[in-house]
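The structure under discussion appears below in the form of structure tokens.
The values are calculated or read from the model by the stated rules, or taken from the named source; none is laboratory data. In this text the structure is predicted, and so the values were computed from the model without any measurement. Neighbour counts are summed over all protein chains in view; Cβ atoms, including those assigned to glycine, are modelled from backbone coordinates with ideal geometry. Just so you know, the surface numbers come from the protein's heavy atoms only, side chains and all, with ligands and any DNA or RNA stripped out. Shrake-Rupley method; radii C 1.70, N 1.55, O 1.52, S 1.80 Å.
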Amino acid sequence: QVQLVESGGGLVQAGGSLRLSCAASGRTFSMYHMGWFRQAPGKEREFVAAIRWSGSSTYYADSVKGRFAISGDNAKNTMYLQMNNLKPEDTAVYYCAATYFYTGGYQFMQSSEYPYWGPGTQVTVSS
């Protein structure tokens, strides 16, 4: 199994930037996908971005495409989410997730695909 801890959340004005980090420990060598999800109050958890850990493939939700960038540093066992041009609708708790398995297709965009999760970090974007 793998343990995940997010950091980097905070309060930022609309148009500003934040960089989230997800530090992984334990069984990190065989992770297949890592992803970022977010959940706003009263809403379902939604996909933000994912990265194929053994390669460079990245995937983004349409709502963040062009504004957010996901990356990974294998040597540091850390995943990042650079968030630019933040909007109030980006306000949510952001969660880091990981899986060792690939079901196929675009299942990596579903929260059910990921058995391992961090505790989350709050991102608040003011108007």
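Could you check segment 1-31 and list, in sequence order, the residues that are more than 30 Å from residue 127 (Cα to Cα), touching a Phe, Trp or Tyr at 6+ places or on another chain (Cβ under 7 Å) and surrounded by 13 or more Cβ atoms within 10 Å (Cβ to Cβ)?
Result: 2, 4, 31.
Mind listing whichever residues of segment 48-62 are in a loop (DSSP other than H, G, I, E, B) and either in contact (Cβ under 8 Å) with a residue 12 or more places away in the chain or not polar (S, T, N, Q) (or both)?
Result: 53, 54, 55, 61, 62.
I need the full set of residues from segment 72-92 which are more than 18 Å from residue 2 (Cβ to Cβ) and among the small types (Gly, Ala, Ser), in order please.
92
For residues that are out of contact with any strand residue (DSSP E or B) (no Cβ under 7 Å at 6 or more places or on another chain) and not in a strand (DSSP E or B), scanning just segment 68-83, find the one that is surrounded by the most Cβ atoms within 10 Å (Cβ to Cβ).
Per the stated criteria, the residue is 74.
Scan 69, 92 and give me the residue that is free of Cβ contacts under 8 Å to residues at least 24 places away in the same chain and out of contact with any Ser or Thr (no Cβ under 6 Å at 6 or more places or on another chain).
Result: 69 is the single residue among 69, 92 that is free of Cβ contacts under 8 Å to residues at least 24 places away in the same chain and out of contact with any Ser or Thr (no Cβ under 6 Å at 6 or more places or on another chain).
Just one of the numbered conditions (1) open to solvent by less than 50 Å² (accessible area, probe 1.4 Å); (2) in a helix (DSSP H, G or I); (3) hydroxyl-bearing (Ser, Thr, Tyr) is not true of residue 112; which one?
Condition (1) is where residue 112 drops out.
Kindly provide the set of residues from segment 32-62 that are among the aliphatic types (A, V, I, L, M) and surrounded by fewer than 16 Cβ atoms within 10 Å (Cβ to Cβ), ordered by number.
40
Residues are listed down the side, and each one gets a yes or a no for (1) surrounded by 15 or more Cβ atoms within 10 Å (Cβ to Cβ); (2) assigned to a strand (DSSP E or B); (3) without any contact (Cβ under 8 Å) to a residue 12 or more places away in the chain; (4) more than 12 Å from the chain's Cα centre (by Cα):
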position: 64; (1), (2), (3), (4): yes, no, no, no
position: 86; (1), (2), (3), (4): yes, no, no, yes
position: 98; (1), (2), (3), (4): yes, yes, no, no
position: 102; (1), (2), (3), (4): no, no, no, yes
position: 125; (1), (2), (3), (4): yes, yes, no, yes
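With the condition kept exactly as written, say whether any residue in segment 87-109 is closer than 21 Å to residue 10 by Cα, among the aliphatic types (A, V, I, L, M), out of contact with any Lys or Arg (no Cβ under 7 Å at 6 or more places or on another chain) and modelled with pLDDT of 95 or more.
Yes - at least one qualifying residue is present in segment 87-109.
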